[in-house]
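Let me begin by presenting the structure, written as structure tokens, before commenting on it.
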Amino acid sequence: MDLRQQRVAEWELKISKAENRKWKKWHPKLKLWTDEVGYEKEDTFLADCMGWLRDAHPELSFAVFHIANEGSSESLESRMRGSKNLTIGVLSGVPDVCSVWKGCIHWIEFKLPGRGLTGNQPAIHKLWESFGLNMHICDNFKHWKFIIEKLILG
């Protein structure tokens, strides 16, 4: 096994452990704890999948990229950044990742398992699908790997 294959195997092990990790979540409005499984944060899941991609498929390094359009905090800094983002054309609801490969565009929205599209996302997905764009919702590593290896690289 060469170094690249070893790094890909390490990413896959790390992601598998994270997807199967058990943790508790506090719901302040309901005043109760629930048992959860998997990633706690969507951006951690996204970062691990992108890390795997860079090692498993370096040919896609400049063809698959994250769209930085997040930030829904109530802090003053976040509101100011949000105002600036609107001014420069950042669109809320745009999928997290875009792939441009051999004349085909895929948009991929990352979600934690059991979570659906929110805010502007359903309208954007519906509109862009009507234009013939490839829209995906990814909530686990197996699906990410399928999107990359079967749909994008084909």
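Only residues that are assigned to a loop (DSSP other than H, G, I, E, B), without any contact (Cβ under 8 Å) to a residue 60 or more places away in the chain and on the phi < 0 side of the Ramachandran plot were counted in segment 85-114, giving 6. If the condition is being out of contact with any Leu (no Cβ under 8 Å at 6 or more places or on another chain) and either among the acidic types (D, E) or within 15 Å of R115 (Cα to Cα) (or both), then segment 42-52 contributes D43, L46, D48. Annotation: of all residues in segment 119-146 being without any contact (Cβ under 8 Å) to a residue 24 or more places away in the chain and part of a loop (DSSP other than H, G, I, E, B), the one that is nearest to V8 (Cα to Cα) is G132. Of all residues in segment 32-64, exactly one satisfies the criterion of being free of Cβ contacts under 8 Å to residues at least 40 places away in the same chain, among the small types (G, A, S) and assigned to a helix (DSSP H, G or I), namely A47.
Residue count for segment 85-104 under the criterion of being within 25 Å of G154 (Cα to Cα) and surrounded by 15 or more Cβ atoms within 10 Å (Cβ to Cβ): the result is 7. Residue count for segment 6-31 satisfying the condition of being part of a helix (DSSP H, G or I), under 20 Å from H143 (Cα atoms) and without any contact (Cβ under 8 Å) to a residue 40 or more places away in the chain: 7.
No lab work stands behind these numbers, since they all come straight from the coordinates. What you see is a predicted model; the values in this text were computed from it and never measured. FYI the Cβ positions are ideal-geometry reconstructions off the backbone, even for glycines, and counts take in every protein chain you see.
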